[in-house]
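Here the structure comes first, spelled out in structure tokens, and everything after it is commentary.
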Amino acid sequence: MDGSGAVQHLVDRQPDVTPDRLIAQLVPPPTFSDVSFDTYHPDPAEPSQAAAVQSCLRFCNQAEQRRAGRKKLFGRREVLPGVGLYLDGGFGVGKTHLLASSYYRLPGPKAFATFGELTQLASVFGFVECIDLLADYVVVCIDEFELDDPGNTTLISRLLSQLVERGVSVAATSNTLPEQLGEGRFAAQDFLREINTLAAIFETVRIDGPDYRHRDLPPAPEPLSDAEVSERAVQSAGATLDDFDALCAHLATMHPSRYLTLIEGVRAVFITGVHTVEDQNVALRLVSLTDRLYDAGIPVVASGAKLDTLFSEDMLAGGFRKKYLRAISRLLALSREGTTGVGTASRS
């Protein structure tokens, strides 16, 4: 994109994801490519955050020791079962930062994946083949462990059970809402109940605190007009411009595991005609796209309804509430970056 007036459209892209590409994607997203425990700054008012760092460091030491095994006679080593860590907390308290820091702290081979990416890996390679693929890993880190689909939860629980028996350690995160008292404990109980074959190995660590993405920040920015969004998209290098409904229809043509490839090379996403979504399937696809955009740090500029009204009140009161609120939190962060950081001049 040279800023001369040509603009790309996500709806024109037909991404393909090969098995090799799936394996190559098992690393922390670009947003967390440079994090470490040293760059995590616990809130002094939230002691659970500093305690979580120590729990992660303990986990890393144990995971490395377990992978090394126990030395036996004649120089042989006995395989020890892996250990588990579950980071439970609200939006924006640094769970993914700590998960990625644990990944970087540990030696390879290792994997970092969202829950969806892990289920996709199992479906592409097959259950047994996926176990063989990951069996020699030191750790598997799972960001945003989901309990929405009983079938997928059972599949991943069985997969992780097999891996833990072979010395692979597992770290996972999920979201709860800090303003809902006690929800963190309930989320942890749900997690441990659903993965009952693994529950005994997990140390559950609660991380409290406000969403850092909204600390001292204004509410959702006022949307631009369709014309303003289109004009800024044309002026922005590496941008895409799409109609909201057309983009939603395009997302329905592919598995969410392809969304990362869909936005590859994109530097900003411009969307016109945003409105409240009433269809749950459409909403969940938008959540998946938002997660990929956030992971890649791609700004979003939109016209139409405010992004914090993207999901209907009925949806926000339903079973996927946490997913939708997480998506809104991330979209607001990306839209603020988009409002101030792109479209003001052509960039190379």
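Any read-out appearing in this document is the output of simple, stated calculations on the displayed coordinates, not a laboratory observation. As the structure is a prediction and not an experimental result, all values here were calculated from the model. Positions of Cβ are generated from backbone atoms using ideal geometry, with glycine treated the same way; all protein chains shown enter the neighbour counts.
Which chymotrypsin sites (Phe, Trp or Tyr not before Pro) in region 33-130 sit in a loop by DSSP (not H, G, I, E or B) and have at most 16 other Cβ atoms within 10 Å of their own Cβ? Walk me through the numbers before you get to the answer.
On the way: sites: Phe37, Tyr40, Phe59, Phe74, Tyr86, Phe91, Tyr103, Tyr104, Phe112, Phe115, Phe125, Phe127; in loops: Tyr40, Phe91.
Taking region 33-130 and a limit of 16 other Cβ atoms within 10 Å, no loop chymotrypsin sites (Phe, Trp or Tyr not before Pro) are found.
Subtracting the Cα-Cα distance of Arg158 and Ala227 from 0.36 nm times their residue separation leaves 19.7 nm of extension gain.
Calculated FRET efficiency, Gln14 and Arg77, Cβ-Cβ r, R0 45 Å, to nearest 0.05? Provide the component values of the computation, followed by the final result.
Numbers: r = 48 Å, r/R0 = 1.06.
Efficiency computed from Cβ-Cβ geometry: 0.40.
What full-extension length gain, to one decimal in nm, is calculated for Asp308 and Phe127 as 0.36 nm per residue of separation minus the Cα-Cα distance? Could the numbers behind the result be given before it?
Values: separation 181, 0.36 × 181 = 65.16 nm, distance 3.88 nm.
Once the chain is fully extended between Asp308 and Phe127, it gains 61.3 nm.
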